[in-house]
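Visitor: Okay, here's the structure, questions in a sec.
Readers should treat all values here as calculations from the given coordinates under stated rules, not as data from a laboratory. Keep in mind the model is a prediction, meaning the values are calculated, not measured. Heads up, the Cβs are rebuilt from the backbone with ideal geometry, glycines too, and the neighbour counts pull from every protein chain shown.
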Amino acid sequence: MKKIKNKNKKIIRNIAIAIGITLAVGLILMLIGNKMNSNAIKSQQEAENYQDWLSETCECLAKTRHVCTLNGFEYNATRNLCVNSAEKTVTTSSMRCSEYNCSGEIKLWNNITEIWEDKIN
């Protein structure tokens, strides 16, 4: 009888440990997810601020960057259109500046990485 009680205690202890580990892992994943989300929002805001700074401070040299101005639309380079997959609609893109002259420093838009880069002479 004593062996059965010890076995039950071990099973309960193991279940409690498993639940504790699961809760700890879940909490850690939630914290990491929140931090990643806030970093993505911060990065997007910084990119928008940088874009505003470029357009206000520098001279546009070329307009070859495709931008979708409507909410829910993303540029599809293959189709050369702005596509809203959820609504299954398309529209044309707007052309924005892709190259700026900032007091002799040339800033180029990289379509692959979708970030501004310095032109290397």
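Visitor: Say we look at region 81-103 and pick out the residues that are in contact with a Ser or Thr (Cβ under 7 Å, 6 or more places away or on another chain) and hydroxyl-bearing (Ser, Thr, Tyr); which of these is surrounded by the fewest Cβ atoms within 10 Å (Cβ to Cβ)?
Guide: The selected residue is Ser94.
Visitor: Further question on the same structure: So Thr57 fits all but one of (1) loosely packed, with under 11 Cβ neighbours inside 10 Å; (2) of a type in the set (Val, Ile, Thr); (3) out of contact with any Ser or Thr (no Cβ under 9 Å at 6 or more places or on another chain); what number is the exception?
Guide: Of the numbered conditions (1) loosely packed, with under 11 Cβ neighbours inside 10 Å; (2) of a type in the set (Val, Ile, Thr); (3) out of contact with any Ser or Thr (no Cβ under 9 Å at 6 or more places or on another chain), the odd one out for Thr57 is (3).
Visitor: On to the next question. Pairs please, first residue from region 59-75 and without any contact (Cβ under 8 Å) to a residue 60 or more places away in the chain, second anywhere and in a strand (DSSP E or B) and of a type in the set (Gly, Ala, Ser), Cβ atoms under 6 Å, 6+ apart in sequence or on different chains.
Guide: Sorted first by the residue in region 59-75, then by its partner, the pairs are Val67/Ser94; Thr69/Ser94.
For every residue, the table says whether it meets (1) farther than 22 Å from Glu48 by Cβ; (2) among the aliphatic types (A, V, I, L, M); (3) surrounded by 15 or more Cβ atoms within 10 Å (Cβ to Cβ).
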site: Glu74; (1), (2), (3): no, no, no
site: Thr78; (1), (2), (3): yes, no, no
site: Glu105; (1), (2), (3): no, no, no
site: Trp109; (1), (2), (3): no, no, yes
site: Glu117; (1), (2), (3): no, no, no
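Visitor: Select from region 79-96 the residues that are among the hydrophobic types (A, V, I, L, M, F, W, C) and touching an Asp or Glu at 6+ places or on another chain (Cβ under 9 Å) and write down the one among them that is farthest from Glu56 (Cα to Cα).
Guide: Residues of region 79-96 among the hydrophobic types (A, V, I, L, M, F, W, C): 81-83, 86, 90, 95.
Subset that is touching an Asp or Glu at 6+ places or on another chain (Cβ under 9 Å): 82-83.
Details: Cys82: 26, Val83: 29 Å.
If we take residues in region 79-96 being among the hydrophobic types (A, V, I, L, M, F, W, C) and touching an Asp or Glu at 6+ places or on another chain (Cβ under 9 Å), then Val83 is farthest from Glu56 (Cα to Cα).
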